[in-house]
Amino acid sequence: MIKDLFKRVHDYLRISLTDNCNLRCAYCMPADEYDFTPASQLMQTSEIETISRLFVEQGVKKIRLTGGEPLVRRDAASIIETLGSLPVELVITTNGTRLHEFLSVLRSANIRTINISLDTLQPDKFMLITRRNLFHQVRSNIELLLQHDFHVKINMVVMKGFNDEEINDFIAWTTHIPIQIRFIEFMPFSGNRWTNDKVFSMDKILDKINNQFEFLPVKGEAHDTAKHFMIPGHAGSFAVISTMSAPFCSSCNRMRLTADGKLKNCLFSAGETDLLSPLRKGEDIVPLIHQTILGKAKQLGGQFSGTFEMLDAEKIQNRSMITIGG
Ligand code: SAM
Ligand code: SF4
């Protein structure tokens, strides 16, 4: 069992398959020119399998594949197939652009729930956020997943003055469609030009929804980062991920492995532990895993606390989101 000093059991591993992506979301990529990591420096399929097995032996019950965009990696299908044979719940977060090429692979790996990022229902705005003309591809892939009975969760990063006016359009989408909308507060990462006035907090999100819809809180799972709500009469539901205004660190069970094989004990940790180099030298990486989690800070990587309104993002030491794996 992987435990930290605060007795939090860590049984959920998020693996980034690549820091490459076919979209250019402004809140995720560094603003400056960015070179993706060469394939040779990334964990290879067999290394991902070995490391994942070690984590599973240490008690990991759930693995999420993420990135960058996990489905742009050339050997994504074989990685998914390989990890699908492990005794864990396997899930994926994707921008949705390539899902149509992976339906049968996802199904055979027993992936039933898929998180798809979509921050706007307006094609022009999608182009502004992502700098790629793939809105209709994402929308049609969401339809395709629903037709094939996958559980679909939509991740929407809410940015004040940019897409907060669309919150109720997303809620209206749930009227007849059994999707879950996850409104995510905008978080600071290296190079993403975060400022506190761009955060549209959970309170404001709920106020806005309350102007148009009646909703009720729903009890979530033990380690949920999301606060869940249902809207009577709607086929779908919604949730809010309030990292900035109401962090959920006390029940955190997450570890993150970057595509180049570094273990982060928190999304906001400044430090990271290289697992890939010692693995390539034939060393035992299990003690490193435990040491890294024992070094986990109580809250937000130990880098900030208090209200996000006072936060100076320049003082946070971290990677950009695309190189961590969301
Ligand atoms: N490419 C995939 C995708 O877009 O879903 C997976 C990787 S992406 C980094 C994972 C999640 O992180 C996405 O839902 C994205 O919206 C979210 N994300 C990225 N940058 C963020 C930020 N600054 N604040 C909040 N969420 C962010
Ligand atoms: Fe790519 Fe996902 Fe980041 Fe957008 S959020 S740039 S799709 S990794």
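Pull out all pairs, ordered by first then second residue, where Cβ-Cβ is under 7 Å, the residues are six or more apart or on different chains, the first lies in segment 99-123 and is in contact (Cβ under 8 Å) with a residue 12 or more places away in the chain and β-branched (Val, Ile, Thr), and the second is open to solvent by 60 Å² or more (accessible area, probe 1.4 Å) and more than 16 Å from ligand 1 (Cβ to nearest atom).
Val105/Glu81
Just the residues that are surrounded by fewer than 17 Cβ atoms within 10 Å (Cβ to Cβ) and within 22 Å of Phe189 (Cα to Cα), please, taken from segment 1-25.
Answer for segment 1-25, where residues must be surrounded by fewer than 17 Cβ atoms within 10 Å (Cβ to Cβ) and within 22 Å of Phe189 (Cα to Cα): Asn22, Arg24.
Among the listed residues Pro247, Pro232, identify the single one that is open to solvent by 40 Å² or more (accessible area, probe 1.4 Å) and within 16 Å of ligand 1 (Cβ to nearest atom).
None of the others qualify; the one that does is Pro247.
May I ask you to list the residues in segment 220-245 that are touching a Leu at 6+ places or on another chain (Cβ under 9 Å) and at pLDDT 95 or above?
Matches in segment 220-245: Phe229, Met230, Ile231, Pro232, Val240.
Quick check, is Arg132 open to solvent by 40 Å² or more (accessible area, probe 1.4 Å), within 15 Å of ligand 1 (Cβ to nearest atom) and either in a helix (DSSP H, G or I) or over 23 Å from Val60 (Cβ atoms) (or both)?
Yes.
Just one of (1) at pLDDT 95 or above; (2) on the phi < 0 side of the Ramachandran plot; (3) assigned to a loop (DSSP other than H, G, I, E, B) trips up Ile184, so point out which.
Tallying (1) at pLDDT 95 or above; (2) on the phi < 0 side of the Ramachandran plot; (3) assigned to a loop (DSSP other than H, G, I, E, B), Ile184 fails exactly one: (3).
Which condition number in (1) open to solvent by 40 Å² or more (accessible area, probe 1.4 Å); (2) within 19 Å of the chain's Cα centre (by Cα); (3) within 29 Å of Pro30 (Cα to Cα) is the one that His151 fails?
His151 satisfies all of (1) open to solvent by 40 Å² or more (accessible area, probe 1.4 Å); (2) within 19 Å of the chain's Cα centre (by Cα); (3) within 29 Å of Pro30 (Cα to Cα) except (3).
Tell me yes or no: at least one residue of segment 219-230 is part of a loop (DSSP other than H, G, I, E, B) and over 30 Å from Ser320 (Cα atoms).
yes
So that you can scan it fast, the table gives a plain yes or no per residue for (1) more than 29 Å from Ser320 (Cβ to Cβ); (2) buried (at least 18 other Cβ atoms within 10 Å of the Cβ); (3) free of Cβ contacts under 8 Å to residues at least 24 places away in the same chain:
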{"residue": "Glu165", "(1), (2), (3)": "no, no, yes"}
{"residue": "His176", "(1), (2), (3)": "yes, no, no"}
{"residue": "Arg182", "(1), (2), (3)": "no, yes, no"}
{"residue": "Glu185", "(1), (2), (3)": "no, yes, no"}
{"residue": "Trp194", "(1), (2), (3)": "no, yes, no"}
{"residue": "Asp197", "(1), (2), (3)": "no, no, no"}
{"residue": "Asp203", "(1), (2), (3)": "no, no, no"}
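The values are calculated or read from the model by the stated rules, or taken from the named source; none is laboratory data. All figures in this text were calculated on a predicted structure; none of them were measured in a lab. Cβ sites come from the backbone with ideal geometry, for glycine too, and all protein chains shown count toward neighbours. Protein only, heavy atoms only, side chains kept; ligands, DNA and RNA dropped before computing areas. Shrake-Rupley method; radii C 1.70, N 1.55, O 1.52, S 1.80 Å.
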